[in-house]
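First the structure, in the form of structure tokens, and then the observations on it.
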Amino acid sequence: MLKLKTAKTILVLSLFISLQLYADSASADWFLSSDTRALIAKAEAGDIEAQLRVGGAYDSGKGAPRDKATAMKWYRMAAEASNAEAQNSMGSILQEEKKYAEAMSWYEKAAAQGHAQATNNQAYLYDLGLGVPQDRKKGFDLYSRA
């Protein structure tokens, strides 16, 4: 009886490890929703809104496996095409990684286009002195503008 239980345990662990390795591979497309697959096709063809949405899918884990590096890839494409929402999203991920100066650069680009959340995010960095010299007055002014 013990041998059967051990064999079952080994089988279950082997299956789990195999699935984990497959999920970690680049060919884990089977984790993508059909909506995300359609968006990827549009994004690869240069659709900026689709690039933003694919980034969001990987960022949130809704429709795609949660993967910050892949989210950044898609956000960057849209951000470099001047999409303010993608620029703010780039800043947010960089801020999460404590790369405050890089985050500020993306927030500035989005804020220059009138993106209120990016302006608020800039204010936060100035208010606390993250990646920039602390300047509470500038932070207050940015909070007020946002």
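The values are calculated or read from the model by the stated rules, or taken from the named source; none is laboratory data. Since the structure is predicted, the reported quantities are computational estimates derived from the model, not experimental observations. With ideal geometry, Cβ positions are generated from the backbone for all residues, glycine too; neighbour counts draw on all protein chains shown.
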Q) Based on what the data block shows, is residue 47 at pLDDT 95 or above and not polar (S, T, N, Q)? A) yes
(Q) With surrounded by fewer than 17 Cβ atoms within 10 Å (Cβ to Cβ) and at positive phi as the only criterion, which of 131, 114 stands out? (A) 114
Q: Filter the range 59-101 for residues that are small (Gly, Ala, Ser) and under 12 Å from residue 115 (Cβ atoms) and give the result.
A: 79, 82, 84, 86, 89, 91, 92
Q) Among the listed residues 64, 57, which satisfies the condition of being touching a Ser or Thr at 6+ places or on another chain (Cβ under 6 Å), in a helix (DSSP H, G or I) and of a type outside the set (Phe, Trp, Tyr)? A) 57
Q) Taking the range 38-70 as the search range and keeping residues that are among the acidic types (Asp, Glu) and touching a residue at least 12 places away in the same chain (Cβ under 8 Å), which one is surrounded by the most Cβ atoms within 10 Å (Cβ to Cβ)? A) 59
(Q) Among the residues of the range 131-146, what is the count of those that are assigned to a helix (DSSP H, G or I) and of a type outside the set (Asp, Glu)? (A) 9
Q | Verdict on residue 102 being of a type outside the set (Phe, Trp, Tyr) and more than 30 Å from residue 30 (Cα to Cα) | A | yes
Q.
Yes or no: the range 91-110 includes at least one residue that is among the basic types (Lys, Arg), out of contact with any Phe, Trp or Tyr (no Cβ under 9 Å at 6 or more places or on another chain) and in a loop (DSSP other than H, G, I, E, B).
A. yes
